[in-house]
1. So is residue 117 more than 28 Å from residue 37 (Cα to Cα), aliphatic (A, V, I, L, M) and surrounded by 16 or more Cβ atoms within 10 Å (Cβ to Cβ) or not?
2. Report, by residue number, each residue of the stretch 194-208 that is among the charged types (D, E, K, R) and touching a residue at least 60 places away in the same chain (Cβ under 8 Å).
3. Among the residues of the stretch 30-48, what is the count of those that are in contact (Cβ under 8 Å) with a residue 40 or more places away in the chain and outside any helix (DSSP H, G or I)?
4. Being modelled with pLDDT of 95 or more and hydroxyl-bearing (Ser, Thr, Tyr) is the filter; apply it to the stretch 86-112 and report the residue that is surrounded by the most Cβ atoms within 10 Å (Cβ to Cβ).
5. Taking the stated definitions as given, is residue 123 under 21 Å from the mean Cα position of the chain (by Cα) and either over 30 Å from residue 35 (Cβ atoms) or not polar (S, T, N, Q) (or both)?
6. Which residues, counting only those in the stretch 133-152, are polar (S, T, N, Q) and touching a Gly at 6+ places or on another chain (Cβ under 8 Å)?
7. Scan the stretch 12-22 and give yes if some residue there is surrounded by 13 or more Cβ atoms within 10 Å (Cβ to Cβ), in contact with a Gly (Cβ under 6 Å, 6 or more places away or on another chain), closer than 28 Å to residue 173 by Cβ and of a type in the set (Asp, Glu), otherwise no.
8. Here is a check on your reading of the model: is residue 63 of a type in the set (Gly, Ala, Ser) and either out of contact with any helix residue (DSSP H, G or I) (no Cβ under 9 Å at 6 or more places or on another chain) or over 28 Å from residue 179 (Cα atoms) (or both)?
Amino acid sequence: MQPDSDNDQKLSSIDDRTRCLVQIAAAIAGAGESETRSVMENAIGCAEPSAVDEVILQSYLFAGFPRTLNAARMWRAVSGFAAPDTDASADLVNGADWVARGEETCRTIYGESYELLRENIAELHPALDTWMITDGYGKVLSRPGLDLRTRELCIVAACAATGQQRQLHSHLHGALNSGATVAEVIGTLAALEMMVGPEQLDRYQSLLARVIAKRHPPPPAEAVNVR
C-alpha cells in the first residue's frame, strides 16, 4: 500500500482541509501539547473553525474528556475563535431522536456487519450498546456540523494515533462505507507518518490492504478467462 510512484502518490492524496482535520484528530488522541498546538496552528485558514470544533467534540469518544477539554482550550487560545453562544442540537441530547439517528449512522458505517456489532456489544454489556448508539453514533457522530465521511477519516486517524488496531480495522471499513475513497484512506494514514512513525504506518497500510482485499476479493481461478 505504500505509494511508490508519482502516480501512486497522486492517488493517495487528500485535500489540505481533510489533512488538517485528520492530523488534529490524531494529535488530540495521541500527541503531546506542542505537537497538538502545531497542527492546530496549521489548520487556521485551512479548515473552517466550525469543522475543527466538531473534530474536537467527537474526540471525547476516542480520547476521553480530559484530552478533549484540553484540546478545546488550546484551540480557543491558538485560533482566537470563540465558542458559539448556543448549540442547536443540545435540546436533543437525551431525546429519542438521537437513538434513531444513531442507529442510522451506525448502520451506514458498519453496513452488513451492523446487526452482529449490536449483538457483540450487547454481550459485553447492554449499557455499552445503548451508549454506543445514543451517545456515540447519535448525539456525537450524527451532529450536522461535519459530514460522516470526514468524521470517519478523523476516527481512523485517532485510532491509528493511539494504536487501537481492532477499532482501526472497523473504521477503515467505516470510512469506505461512509463514502471515502481508498485513496483518501491511504492519504489519511500517510498524513500521520510523523506521529506514528514509519514502522507503525507500514502495519496500518498492511491492515488497509487486507480490508480492501476482503471487500474486493479476486475472482475464483476457474472464473478467470485466460487466453
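The values are calculated or read from the model by the stated rules, or taken from the named source; none is laboratory data. Here the structure is a predicted model, which means the values were calculated and not measured. No Cβ is skipped: glycine too gets one built from the backbone with ideal geometry, and neighbour counts run over all protein chains shown.
1. When the stated conditions are applied, residue 117 passes them.
2. Correct list: 202 only.
3. Number satisfying all stated conditions: 1.
4. 105
5. Details: under 21 Å from the mean Cα position of the chain (by Cα): no; either over 30 Å from residue 35 (Cβ atoms) or not polar (S, T, N, Q) (or both): yes.
No, not satisfied.
6. The answer is 134, 142.
7. No.
8. no
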